[in-house]
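The values are calculated or read from the model by the stated rules, or taken from the named source; none is laboratory data. Please read these numbers as outputs of a predicted model, since none were measured by experiment. Cβ placement follows ideal geometry from the backbone for every residue including glycine, while neighbour counts extend to all protein chains displayed. For the accessible areas, the whole protein counts, side chains as well, though only heavy atoms, and no ligand, DNA or RNA atoms are used. Shrake-Rupley method; radii C 1.70, N 1.55, O 1.52, S 1.80 Å.
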Amino acid sequence: MSVYRIVAALTLAAALSSPSVSSFAAASDYKFELVSAAPAGAGKNNVAVRLVHMPDGKPVADAVIIESKTDMGPSGMAEMPGKVMAPRTDKDGIYQFQTENGMAGTWALRIAAKIQGETETVKGAVDYKAAK
Ligand SMILES: [Cu+2]
């Protein structure tokens, strides 16, 4: 083994054990929060959601929403789905979803997102009040 290879091996070992490598946040460090929900025409609602990195309270603006679903689970009707349009994102890190709800009441918006630098998919849900 050459000196160069030994140095390279030691450098790799140091990198793997360094705190900066092991301190990546986990998916559980993130939370979706309801910002607002408002009627948007017949059977539709605009639901604004923020994704927060809980350790520092900062919003995450550049997550990629890979799945969004809505159902009436919070009202005891988990089998009653609605529709969700792909969200728009504004500059403040708020994700604007438009939902279609067949019934007024409390609904859940369930979201899965990929965040840069995180290997795990972040999943969460917010409850919101839908108008019919
Ligand atoms: Cu229902």
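Here are a few things to note about the model shown:
- Out of Gly102, Gly73, Gly82, sole residue that is farther than 16 Å from Ser36 by Cα, within 16 Å of the ligand (Cβ to nearest atom) and surrounded by 18 or more Cβ atoms within 10 Å (Cβ to Cβ): Gly82
- Condition met for Gly117 (in contact with a strand residue (DSSP E or B) (Cβ under 8 Å, 6 or more places away or on another chain), more than 16 Å from the ligand (Cβ to nearest atom) and at pLDDT below 95): no
- Cβ separations smaller than 8 Å between residues 6+ apart or across chains give the following pairs from the range 73-99 residues that are among the basic types (Lys, Arg) to residues that are away from the ligand (no atom under 16 Å from the Cβ): Arg88/Tyr95; Arg88/Gln96; Lys91/Ala61.
- Consider the range 45-70 and keep the residues that are within 16 Å of the ligand (Cβ to nearest atom) and buried (at least 18 other Cβ atoms within 10 Å of the Cβ). The one that is nearest to Ala26 (Cα to Cα) is Thr70.
- Flag if Ile111 is open to solvent by 50 Å² or more (accessible area, probe 1.4 Å), more than 16 Å from the ligand (Cβ to nearest atom) and aliphatic (A, V, I, L, M): no
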